[in-house]
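These notes are about the structure you will find just below.
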Amino acid sequence: MASLLHSRRGFQLMRTAGLERQLTVIRPPASRVAGLASHLRELPRYLDLLYVLTRHRVHVRYKQSALGFAWAVLQPLLLMLIFTFVFGLISGRLPSEGLPYPVFVYAAVLPWTFFSTCVSNATGSLIGHANLITKVWFPRELLPVSYVTAALFDLFIASLLLFVLMAWHEVTPGSHAWLAGPITILIAVLALSVGLFAAALQVRFRDIGLAVPLLLQVWMFLSPVVYSYDRVPEQWRLLYSLNPMAGLIDGFRRAVVQDRSPDWSLLGLSASLTLLVLPAAYVYFKSVDATLADRM
């Protein structure tokens, strides 16, 4: 006869005929705040699963690939070449703050590619793992998070080309280069926020997966990638600065290749918006998570 040995926080340990097994019982939380707090406290227990998922993403991406890790460099490299040809040669050279245009644009394409890759992959993370979600319980947010952590590997590989370009054009990183680390973390947080929201929204509206690539293209040209933030007309800067990627990309480029202090007011606004979007996206994600298996 089965006997109850332990009951705490939804977990019950049962003993049946000398065998022990752990059952996970999912109960509705007493309140939304209490439920979210409980979920956040449980997440550190699944760091090993996050590591496995991240490693799997990287392995699958480059498995039996002829070019291997070079694929991590190709996308930002091709964008840099196209933008250099179009905006640096054909349509008239855009101001590049005294830098060679390839270095100027690649320093912005690099963080943008990281951001767009995270958002694109995270958007389809739930739909792409429908079979797993309907069979096994685990924190669903680990799926979009794993795509963000896996993209950090691509970012590291692609960053090597930036150093090559800087060495070729005799551009040396200055004393502000260390700011690239904190700014990259903010970009990852923003990408995760957008990815959580888009992934949850795609469960309800499947055409979100088709809309995201188009929206990302528009978003890129509304960010200071091919041009400098200083080129934005003064009367539009307040509205323009509400784009969190504006301050993050501008700050990254200034710190790494221009050896200039970031525009702290712009970067501070971008950081504040980023940190506000994350909890809002997580709340929406968990609201969909409650009925996720039924919607698959």
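Exactly one residue among V33, V52 is assigned to a helix (DSSP H, G or I) and modelled with pLDDT under 75, and that residue is V33. On the basis of being touching a residue at least 24 places away in the same chain (Cβ under 8 Å) and more than 20 Å from I133 (Cβ to Cβ), does L152 make the cut? Yes, satisfied. Restricted to region 212-236, and to residues there that are touching a helix residue (DSSP H, G or I) at 6+ places or on another chain (Cβ under 8 Å) and part of a helix (DSSP H, G or I), the residue that is farthest from S287 (Cα to Cα) is Y229.
Filtered by the rule that a residue be touching a Phe, Trp or Tyr at 6+ places or on another chain (Cβ under 9 Å) and farther than 18 Å from A107 by Cα, region 234-265 gives R237, Y240, S241, N243. When G209 is tested against (1) assigned to a helix (DSSP H, G or I); (2) touching a helix residue (DSSP H, G or I) at 6+ places or on another chain (Cβ under 6 Å); (3) at pLDDT 90 or above, just one condition goes unmet, and that condition is (3). Among the residues making up region 138-149, those that are aliphatic (A, V, I, L, M) and in contact (Cβ under 8 Å) with a residue 60 or more places away in the chain are L142, L143, V145. When residues in region 153-172 are screened for being of a type in the set (D, E, K, R) and in a helix (DSSP H, G or I), 1 of them pass. Hey, any hits in region 180-203 for a residue that's farther than 30 Å from K286 by Cα, in contact with a helix residue (DSSP H, G or I) (Cβ under 7 Å, 6 or more places away or on another chain) and of a type outside the set (S, T, N, Q)? Yes. Residues of region 237-246 that are over 16 Å from the mean Cα position of the chain (by Cα), assigned to a helix (DSSP H, G or I) and either at pLDDT below 95 or not aromatic (F, W, Y) (or both): R237, L238, L239. Restricting attention to region 226-245, the residues being closer than 19 Å to V194 by Cα, surrounded by fewer than 23 Cβ atoms within 10 Å (Cβ to Cβ) and aliphatic (A, V, I, L, M) number 1.
Evaluated against (1) within 20 Å of V171 (Cα to Cα); (2) at pLDDT below 90, L110 falls short on exactly one condition, (2). Here F104 meets each of (1) modelled with pLDDT under 95; (2) surrounded by fewer than 23 Cβ atoms within 10 Å (Cβ to Cβ) with one exception, condition (2). Among the residues of region 254-294, the ones that are farther than 30 Å from L142 by Cα, part of a helix (DSSP H, G or I) and not β-branched (V, I, T) come to 6 in all.
The values are calculated or read from the model by the stated rules, or taken from the named source; none is laboratory data. All values derive from a computational prediction rather than experimental measurement. Cβ atoms come from the backbone with ideal geometry, glycine included; neighbour counts cover every protein chain shown.
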